[in-house]
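Read through the structure below, which is laid out as structure tokens, and then see the notes.
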Amino acid sequence: MEEKRRYKRLPIQLNLEVSEVFKQDNNVITDLNAEIHVFDISKAGIGFTTSTYLPKGYYFNATITLEQAEQKLLTVVKILNVSELEDGVYRYGCEFVGLAGIFDYLFDDYAKYIDEV
């Protein structure tokens, strides 16, 4: 199968907690306390699983630290797709919104780090 993604997905083990999601029309869902398990990351976004349903088209704030990087990425993440796996677990595909291209080097460095490990 031909890869059509703009950026290579990199494996990662990262846990985040999402307390609220929002839409641009000021629709906010609060008190979620969703623990998410990020399994891959790229310059464009993240893939993760969680047992909490998060609606497609919503956004959340995320702070991401890559293993070898000392700098934290503060970004907004948009939920693009969701599929239900087994036992009430959901799989999500998301994109970074407004992440400056100046941070691309962090992903390039992380890719090199993964290749060396």
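Here are a few things to note about the model shown:
- Cα-based helix-to-principal-axis angle, 104-116 vs the chain, degrees rounded to 10: 70 degrees
- Accessible-area composition of the chain, carbon plus sulfur, in percent [1.4 Å probe]: 45 percent
- P(r) tail fraction, the chain - alpha-carbon pairs more than 18 Å apart, %: 51 percent
- Trypsin sites (Lys or Arg not before Pro) restricted to DSSP loop in the range 21-117 with at most 14 other C-beta within 10 Å: Lys23, Lys56
- For the chain, the solvent-accessible area works out to 64 Å² per residue, with a probe of 1.4 Å and every protein chain left in place.
- Using every pair of distinct Cα positions in the range 14-64, the Kirkwood expression returns a hydrodynamic radius of 11.6 angstrom.
- Charge dipole of the range 1-108 about the Cα centre (unit charges at C-beta), most positive-ward option of Leu54, Ile102, Gln68: Ile102
- Here, the range 56-117 is characterised by an Rg to Rh ratio of 1.05, where Rg is the alpha-carbon radius of gyration and Rh the Kirkwood radius.
- If you run the Gaussian network model on the chain, springs between alpha carbon atoms under 10 Å, then out of Tyr59, Tyr92, Tyr105 the most flexible one is Tyr105.
- Residues of the range 48-74 with amide N under 15 Å of the 7 Å Cα→Cβ point at Glu35: 49-53
- Each Lys and Arg contributes +1 and each Asp and Glu -1, all at the Cβ; summed about the Cα centre of the chain, the dipole is approximately 440 debye.
- Two-site FRET efficiency, Asn27 against Leu85, from Cβ-Cβ distance with R₀ of 30 Å, rounded to 0.05: 0.70
- In the chain, the DSSP-assigned H stretches of four residues or longer account for a calculated mean residue ellipticity at 222 nm of -3500 deg cm²/dmol, using -39500 (n - 2.57) per stretch and the full residue count as denominator.
- Exposed GluC sites (Glu not before Pro) absent: longest stretch of the chain, with sites in DSSP loops and at most 13 other Cβ within 10 Å deemed exposed: 4-66
The values are calculated or read from the model by the stated rules, or taken from the named source; none is laboratory data. Note that the coordinates shown come from a computational prediction; the quantities given were computed from them, not determined experimentally. Here Cβ is always computed from backbone atoms with ideal geometry, including for glycine, and neighbour counts include all displayed protein chains. Remember, those area values only see protein heavy atoms, side chains included, never the ligands or the DNA or RNA. Shrake-Rupley method; radii C 1.70, N 1.55, O 1.52, S 1.80 Å.
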